[in-house]
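Step one of this worksheet: look at the structure below.
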Amino acid sequence: MDNKKFYVTTPIYYPSDKLHIGHTYCTVATDVLARYHRLLGEDVMFLTGTDEHGQKIEEKAKEAGVTPQEFVDRIVEGPRGVRDLWKLMNISNDRFIRTTDDYHVKAIQYIFRKMHENGDIYKGAYKGKYCTPCESFWTESQLKDGCCPDCGRPVKDAEEEAYFFRLSKYADKIRDLLENTDFLEPRSRVHEMVKNFIDPGLEDLCVSRTSFSWGVPVDFDPGHVVYVWVDALSNYITALGYGNDRYDDYDKGWWPGVNIVGKEIVRFHSIIWPAMLMSLGEPAPKKCFGHGWLLLDGGKMSKSKGNVVDPYILAEQFGVDALRFFLMRTFPFGSDGNFSNELLIQTINTDLANDLGNLVSRTTAMAGKYFGGTLPTARSYDKEKDDELVSLVLGLREKYEDAMEHYAPHKALEEIFKVIQRANKYIDENMPWALAKDMEANGPRLASVLYHLLEATRICGILLTPFMPQRMEKLFEQIGAEENCRTWLSASMWAALDADVTVTKGENLFPRVDMDKALEELEAAVEAARQAESGVELEPQNPEKVDFDTFCKSDFRAVKVKACEAVKKSDKLLRFTLDDGTGTDRQILSGIHKWYEPETLVGKTLVAIVNLPPRKMMGLESNGMLISAVHKEKGEECLHLLIVDDAIPAGAKMC
Ligand code: MSP
């Protein structure tokens, strides 16, 4: 018999900005689900990709002076681009779709034609409002204080000949899907959709544009491009082969699939998308799960607000698995949550270093110390002391499964950590170190205690694998769990490990993070990334301290440029004649010709250190040095003289 098929998707990401921790949250959650279903033994198809058309991309490419295709190629395929990020985060997608892929473009033309031929797409004139950042059309009544109801930004008037999709025709069927099935979750989103969109009356949707060209052309009416959401939503079926011959999985039981999406795009996925499928005569998705947002200081992360958190920096500093774990453990999947670095570090320290890390390291260390790593097979079970732990561990898989089936990975983790905490308590209750004092009498009991701990760890490890695949691999190696004891089936079986299992005390799986040091390092990494992005490189600060008296010896003065000329036979040097307030002109030579034409500096007030010993350059004496700001930009050295307010008199001391 064929395995059960599970098809799960993330939204396809706009490659207009760099992806941040919020996007990573959505993809990691979907990856955890995909890995969980693989653990169940199902045939999983996990799709992600990029949504590359639309006015916003066209505008951004223009700003960057490249073609839209070059622009998206760089962000999707380039270094530290979308693909790289998912590789780093260990995302196990089976397919990656780009809406600029040829097969997808052809399939969109087919879909649009089919809906036109069946009368669900008709030509009209569009008059309304358009939010360019969200690529969304709005009617006047949908605006919030005259702005886009999704992002709050201003909208533009839009009027053009356009095609419309008869969304209104599907209002009753969509209401039925929302209200009478468990298609949309969490249930709170159903109420939101019905109240905000279905009750006021669904209006037909504008599905083509003529005012820009970066999109899929309507093949029977050149000049029109398909509305980016029709193009994007269809990816979930074109990637299976619908309307194209690149893949042929559409009729093989994958569809309908599960669409995991963020809450702001639930409207598109739970109203427009099923209506499009109804128009095509195809089944609605099995599920649309609308997760919450990761917030920063209570607000949505966005590049324009400058408050995005870079997943590369976090993964590089704390490890991919710790980051994946934190995202899933901390924020209930359907709700919003406040991200902070402190919370991330606390979670790593409490759950991973303290609870899980300690359980593994104490157990393997004791097995090594008392039995040379290999447990003896003579055992002594103590019903009173062991039953509770064993039954808790054996009941875990069911609770975990229930949570995962209800799209509540945070609850699944909560259950696992109850067991881990119980197991740590079991160590304290049984005091292996006390038993070890009399090995002859207590050897079998000690072996039992350690074996129970290994079994508890093994089962928790299996269930944690979708969250932390790489670290759990290491954990299994340390506790001596072979492939056959890492399966879903074996997660409900006690004593799957060999009775004479051999453990290895390996590297510390989850080192404790020093909060202050890590926060400082993070700050430096964020600053370095910001500089790298802007191309600005700054000289590192000098950690060596100077005492105050030494500092005070340096005499900085305001100096006014009386004359300035290039030094003959030198490309670099300028000769300054300066008023330093003493009544006698001061001559300073400075190698800054590359940045300044001498005549532009005459009359300016600069800053000089005036008590340096005189120095000869090209036969001329220099008495002091002009102060400048220096940095590098895109590898080029940049220099700016310190030019101060003309109101400062020549000779004024700087202190
Ligand atoms: N291109 C559309 C989706 C088309 S699907 C047919 C899009 N892209 S997006 O890049 O803006 O967002 C992709 C996903 O990331 C969405 O599910 C969105 O909700 C999610 N997130 C973006 N910022 C987020 C947070 N701060 N927190 C959680 N998820 C967030 O929308």
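FYI, it's all coordinate maths here, none of it is from the lab. The model shown is predicted, which means the values in this text are computed figures rather than measured ones. As a convention, Cβ positions derive from the backbone with ideal geometry for all residues, glycine included, and neighbour counts pool all protein chains shown.
Worth pointing out:
- When each of the peptides 11-19, 450-458 is scored by how many other beta carbons lie within 10 Å of its residues on average, the order from highest to lowest is 450-458, 11-19.
- Of the DSSP H helices in the chain, those whose Cα atoms cover at least 20 Å axially and whose Kyte score averages 0.5 or more: 439-464
- Charge tally around L573: other residues with Cβ under 14 Å, Lys/Arg +1 each, Asp/Glu -1 each, net +3.
- Mean Cβ count within 10 Å, highest first, over the residues of peptides 637-648, 570-581: 570-581, 637-648
- Filter on K4/K286; K87/K411; K123/K169; K604/K653; K62/K632 - keep pairs with C-alpha separation over 24 Å: K87/K411; K62/K632
- The chain shape via C-alpha gyration tensor axes, a/c threshold 1.5: oblate
- Positive dipole terminus of the chain, leading residue within P444, T24, N180 (C-beta point charges): T24
- Lys/Arg +1, Asp/Glu -1 at C-beta; the chain dipole; positive extreme among V258, L375, L352: L352
- Computed over segment 104-169: relative contact order in percent, which uses C-alpha pairs under 8 Å that are six or more apart: 37 percent
- Straight-distance candidates among the aspartates and glutamates for linking to K385, with alpha-carbon spacing under 20 Å and chain neighbours fewer than 8 residues away dropped: D428, E429, D438, E455.
- Close amide H contacts of G373 (hydrogens built in the peptide plane, cut-off under 5 Å, sequence separation of 5 or more or a different chain): G368.
- Its relative contact order, with pairs defined as Cα atoms under 8 Å and 6+ residues apart, puts segment 5-100 at 38 percent.
- Under the convention that each Lys and Arg Cβ holds +1 and each Asp and Glu Cβ holds -1, the size of the dipole of the chain around its Cα centre is about 780 debye.
- Isolated Cys in the chain, by beta carbon distance under 4.7 Å: C26, C147, C151, C206, C288, C460, C485, C552, C564, C638, C655
- Over the chain, dividing the summed -39,500 (n - 2.57) contributions of all DSSP H runs of at least 4 residues by the number of residues returns a 222 nm mean residue ellipticity of -12000 deg cm²/dmol.
- Charged-residue dipole, Cβ positions (Lys, Arg, Asp, Glu), segment 1-160 about Cα centre, Debye nearest 20: 260 debye
- Burial ranking of peptide ranges 212-218, 85-91, 538-544, 526-532 (average Cβ count within 10 Å, highest at the top): 212-218, 85-91, 526-532, 538-544
- Residue among T605, S628, F576 farthest towards the positive dipole end of segment 548-644, charges placed on Cβ: F576
- The relative contact order of the chain comes to 10 percent, based on Cα pairs under 8 Å that sit 6 or more residues apart.
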